[in-house]
Amino acid sequence: MIFKREELLIGKENLDKLKNSHVIVFGLGGVGGFVIEGLVRGGIGELTIVDYDTVDITNINRQIIATTQTIGKLKTYLISERAKAINPDIKINSISEKYLKENKDMFFQNKKYDYIVDAIDMVSSKLSIIEEANKLNIPIISSMGTGNKLDPLKLEIADINKTSVCPLARVIRKEVKNRGIKRLKVLYSKEEPKKPLNEDNSREKSVNVGSISFVPSVAGLIIAGEVIKDICNIK
């Protein structure tokens with residue numbers, strides 16, 4: 001039995017809750033890919049995965065499905081194949097489209113989710129997903145920035161109103177307040193962002209975003225753990 005060790009920890013009743021749950025994950029990058037890994041290995045029965053992109057060589061240092069053999073392939077396809085190889089009984093729904101406020105019905109109309117994970121970068125799309133979750137009363141966790149960070153021990157789960165340091169969290173905090181959204185669970189980092197290097201090795205006015213293997217991955221697994229514990233009501 002794939003989940004025997006998990007059952008010993010959380011019990012059959014909770015394992016059944018996970019098996020009967022449907023989670024949608026927006027974004028299959030460095031964070032989102034590891035969210036999926038944790039959810040699949042954690043026993044979630046149905047996943048809807050959303051990403052329009054293909055694997056690029058620059059993804060290899062931090063994305064779980066990125067290798068020299070997968071460059072150019074759709075992330076949704078690769079994640080689906082990996083998930084089924086781990087748990088052949090899982091139900092995977094793939095949407096290889098870019099989420100925008102204008103096409104939100106494609107993702108939410110006549111759909112039922114037990115949990116939403118937002119692991120995308122575009123602020124306008126993040127806010128639209130958060131608004132839909134709030135309107136439909138679906139639990140959501142939103143990932144803040146993990147780029148330009150080196151310390152995974154500074155990652156934590158908090159309500160958006162209790163976040164600090166993170167530039168993306170600052171923007172989201174202001175925007176959800178303007179929309180009358182009082183609570184939002186997020187994963188964020190208290191680490192001050194590093195200034196990435198320019199091509200001339202200077203750090204002045206750099207617009208690049210650096211990333212490393214062990215921060216987005218840890219963030220994704222923390223989020224997966226939070227989703228699983230919330231569904232099972234484990235404190």
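The gain in end-to-end length when the LEU197 to ASN233 segment is fully stretched comes to 8.6 nm, 0.36 nm per residue minus the alpha carbon separation. The modelled label-to-label distance for the pair GLN109/LYS12, using points 7 Å beyond Cα in the direction of Cβ, is 4.3 nm.
Neighbours of PRO216 by Cβ distance under 10 Å: Lys/Arg scored +1, Asp/Glu scored -1, total +2. The DSSP beta bridges internal to the chain are antiparallel in roughly 25% of cases. Note on region 1-156: dipole from Cβ charges, positive end direction compared against ILE92, PHE3, VAL35; the farthest Cα belongs to PHE3.
Grab the DSSP H runs of the chain that are 4 residues or longer, score each as -39,500 (n - 2.57), total them, divide by all residues and round the 222 nm result to the nearest 500 deg cm²/dmol.
Helix contribution divided over all residues of the chain: -11000 deg cm²/dmol.
Give the Debye-formula value of log10 I(q)/I(0) at each listed q (0.07, 0.14, 0.18 Å⁻¹), with one equal scatterer per alpha carbon of the chain, two decimals each. Values returned for q = 0.07, 0.14, 0.18 Å⁻¹ are -0.22, -0.91, -1.48.
The mean sequence distance of close C-alpha pairs (under 8 Å, at least 6 residues apart), as a share of the length of region 1-143, puts its relative contact order at 26 percent.
Rounded, prolate or oblate: which one fits region 23-143, using the alpha carbon gyration tensor with axes a ≥ b ≥ c (rounded when a/c is under 1.5, else prolate when a/b beats b/c, else oblate)?
oblate
In a simple Cβ point-charge model (Lys, Arg +1; Asp, Glu -1; nothing else charged), the chain has a dipole of about 600 debye relative to its Cα centre.
Each part reduced to its alpha carbon centroid, region 189-208 and region 79-95 end up 37 Å apart. Neighbours of SER189 by Cβ distance under 13 Å: Lys/Arg scored +1, Asp/Glu scored -1, total +1.
Entry note, region 58-217: relative contact order of 22 percent, from Cα contacts under 8 Å with a spacing of 6+ residues.
Each reported figure results from applying straightforward, stated rules to the coordinates on display, with no laboratory input. Everything numeric here is computed off the predicted structure, so don't read it as measured data. When we count neighbours, we look across all protein chains shown, and the Cβ atoms used for this are built from the backbone with ideal geometry, even at glycine.
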